[in-house]
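Report on the structure given below.
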Amino acid sequence: TIFGEHTAIDVTAREYYVSRLGAAARGGHENIARIDASLTFVVHKRHAVSIKYLGNRRDATYPDIGKATQSRETIGLFYTLLGHDRFGAVDWR
């Protein structure tokens with residue numbers, strides 16, 4: 001979503017379920033969730049600063065190891081060179 005000419009937010013969420021058909025021969029299943037969000041502010045013309053969050057969670061259940069959970073989160077600050085003014089938005093007027 002683009003707010004005016006200077007701010008944009010982008011959010012993507014995904015979830016995967018890996019059943020015994022796609023898992024190892026020993027059986028079990030996994031549920032993997034991922035969210036990726038960024039907030040971008042234009043500083044000058046095509047130059048911008050972005051704050052990005054990435055979160056991952058993996059829940060696995062296997063007969064030989066039981067239940068296991070892994071999660072990772074990162075936050076980053078980035079310089080962004082935009083390809084077009086106004087985030088490449090088209091003016092429909």
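The values are calculated or read from the model by the stated rules, or taken from the named source; none is laboratory data. All of these numbers come straight from a predicted model, not from anything done at the bench. In this analysis, Cβ positions are derived from the backbone assuming ideal geometry, glycine residues included, and neighbour counts consider all displayed protein chains. Note: accessible area is taken over every heavy atom of the protein model, side chains too, but ligands, DNA and RNA are not part of it. Shrake-Rupley method; radii C 1.70, N 1.55, O 1.52, S 1.80 Å.
With each pseudo-label sitting 7 Å past Cα toward Cβ, what's the Glu15-Asn31 distance in nm, one decimal?
Placing both labels 7 Å beyond Cα along the Cβ direction yields 0.7 nm.
On a full-extension model of 0.36 nm per residue, what is the gain between Tyr62 and Val43, subtracting their alpha-carbon distance, rounded to one decimal in nm? Each step should come with its number before you reach the end.
Values: separation 19, 0.36 × 19 = 6.84 nm, distance 4.95 nm.
The Tyr62-Val43 span can extend by a further 1.9 nm.
For Thr7, enumerate residues with amide H under 5 Å from its amide H, sequence gap 5+ or separate chain, H modeled in the peptide plane.
Those qualifying (amide H under 5 Å, at least 5 residues apart or on another chain) are Val42.
With a probe of 1.4 Å, find how much accessible area the chain has per residue, and write the answer as a whole number in Å². If you can, show how the numbers build up before the last one.
Numbers: 7200 Å² over 93 residues.
Ligands and nucleic acids excluded, the figure is 77 Å² per residue.
Taking P(r) over Cα pairs in 10 Å bins from 0, in percent straight from the coordinates, which label in (1) 15, 46, 26, 10, 3; (2) 15, 31, 21, 17, 13, 3, 0; (3) 17, 52, 30, 1 is the correct one?
(2)
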